[in-house]
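Written out below as structure tokens is the structure these notes cover.
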Amino acid sequence: DDIILRELVEIDGTYLSRPANLGRATVRGLELDAKLNLRRFGPALPATDIRANLAFNDSHVDFLPGPHNRLADQTRMTANVGFDHRLQKPPLAFGGTFGYRTGGFIRSSLAQLAYTGPRRSLDFYAAYRFSPKVMLRLSAANLLARDFHRVDAYAAGGRTLELTSLHEQYRRFGA
């Protein structure tokens, strides 16, 4: 009850978008996780852990007309797959993850419809253990560095304003 939505109001010729407690929402989701070690399929295979995650999300906001009347910034589907491998000699661990998030339309208020593009990410790491208390970890995050777009459309007073923004993505490296 009383979820917070944006409402667009006109005050003396100026449009203002502000938060308001409006309506109810129904939320549903399903998440699947899997993790296994390749050695389960034979002793000759490497001792590598494989992991995967898949999540589906949906919602319905009663106050907003359809279609696309979902909670703001709710991702319909996310998927991740990755691996982790450990060596005893040398004492090294390394791995990586690929992630995907769908984009799509969301009606976030009576006057606003937004579209966000899909997102992809690729991360890797390596960690070398010098001693039980000393470890060096190197990481590379968001290696794909794929920019994504967001389009916000506002409709009020017989007029429509469309704002397109580019969200630039950057690779990140750490030690």
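The values are calculated or read from the model by the stated rules, or taken from the named source; none is laboratory data. Computed from a prediction, not measured in an experiment: that's the story for all the values here. In this analysis, Cβ positions are derived from the backbone assuming ideal geometry, glycine residues included, and neighbour counts consider all displayed protein chains. Surface accessibility is based on the protein's heavy atoms, side chains included, excluding ligands, DNA and RNA. Shrake-Rupley method; radii C 1.70, N 1.55, O 1.52, S 1.80 Å.
A few comments on the model shown:
- Any chance L30 is open to solvent by 50 Å² or more (accessible area, probe 1.4 Å), in a strand (DSSP E or B) and aliphatic (A, V, I, L, M): yes
- Residue check for D84: open to solvent by 40 Å² or more (accessible area, probe 1.4 Å) and either of a type outside the set (D, E) or in contact (Cβ under 8 Å) with a residue 24 or more places away in the chain (or both): no
- Selected residue (only one of F148, F98, F94 is hydrophobic (A, V, I, L, M, F, W, C), surrounded by 15 or more Cβ atoms within 10 Å (Cβ to Cβ) and modelled with pLDDT under 95): F148
- Options D62, D49, D12: the member that is at positive phi and either at pLDDT below 95 or surrounded by 13 or more Cβ atoms within 10 Å (Cβ to Cβ) (or both): D12
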